[in-house]
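Down below is the structure, laid out as structure tokens.
The values are calculated or read from the model by the stated rules, or taken from the named source; none is laboratory data. It should be emphasised that the depicted structure is a prediction, and the values quoted were computed from it without experimental measurement. Heads up, the Cβs are rebuilt from the backbone with ideal geometry, glycines too, and the neighbour counts pull from every protein chain shown. What goes into the accessible areas is simple: the full protein's heavy atoms, side chains included, and nothing from ligands, DNA or RNA. Shrake-Rupley method; radii C 1.70, N 1.55, O 1.52, S 1.80 Å.
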Amino acid sequence: REYYQNNLPMFTEPELIHLRHILVDSKDKAKIDTIYSKLKSGDDFSALAAKDSIDKPSAVNGGDLGWITRNDQYPVEVFNLKNVKDFTAPVKTDYGWHIFQLVERKDSKVKDFAEVRKTIEQRLKIDRAEKTFASKSEELGNLAFEYPKSLQAISEKLKLPIKTTEFFDRNGGAGIASAAPVLAAAF
């Protein structure tokens, strides 16, 4: 629970915004203003997007852009839309003039502890194992430096059995001696 409380952002689903847009060439301000006037008069956003947007892949779907988050590169005006079917005034970007419409919004949500408990347990076990491995590796290195001629003292202090292989050459051998990393370390 402490890990959960200290890492809540990790367990938070971001706010999601489903958008449509109409895009016209950056030199065509009059056209976007006309479309904006039609929208304010009640014309259907999807129909105007299909007819007038130069973004053909989204236009065939009524200007649908799918779901975005605040991490996506969209104008700030998009994130200020409050109600479904609200739309922005014309917004100029590097791509041209846009009008964006809010289709749906899903608020940010923190996942329940019960939902993420197993994930947290796995993360803590991995963290503990990595710390133990790092500590034991350092201890092994220090002991190997202190006792360079024999593995016996290291084996006793770390309570590790000494294991041996059959002799092998640069071409490898049986068991662990056939592993490339072992050969690289040995030679």
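Among the residues making up segment 27-70, a single one is open to solvent by less than 70 Å² (accessible area, probe 1.4 Å), within 33 Å of the chain's Cα centre (by Cα), farther than 28 Å from Asp107 by Cα and hydrophobic (A, V, I, L, M, F, W, C): Ala50. Glu121 fulfils the conditions (1) over 27 Å from Glu2 (Cβ atoms); (2) among the acidic types (Asp, Glu); (3) under 37 Å from the mean Cα position of the chain (by Cα); (4) exposed (fewer than 12 other Cβ atoms within 10 Å of the Cβ) except for a single criterion, (1). In segment 1-26, of all residues being charged (D, E, K, R) and at pLDDT below 95, the one that is most open to solvent (accessible area, probe 1.4 Å) corresponds to Arg1.
Filter segment 157-187 down to the residues that are of a type in the set (S, T, N, Q) and open to solvent by 80 Å² or more (accessible area, probe 1.4 Å), then identify the one that is nearest to Phe145 (Cα to Cα).
Quick first cut of segment 157-187, residues of a type in the set (S, T, N, Q) only: 164-165, 171, 178.
Checking the rest, the ones that are also open to solvent by 80 Å² or more (accessible area, probe 1.4 Å) come to 164, 171.
Working: Thr164: 20, Asn171: 29 Å.
Selected residue: Thr164.
Being open to solvent by 60 Å² or more (accessible area, probe 1.4 Å) and assigned to a helix (DSSP H, G or I) is the filter; apply it to segment 87-118 and report the residue that is nearest to Val24 (Cα to Cα). Once the filter is applied, the top-ranked residue is Glu115. Among the residues of segment 73-86, the ones that are closer than 18 Å to Asp107 by Cβ and either in contact (Cβ under 8 Å) with a residue 60 or more places away in the chain or surrounded by 14 or more Cβ atoms within 10 Å (Cβ to Cβ) (or both) come to 4 in all.
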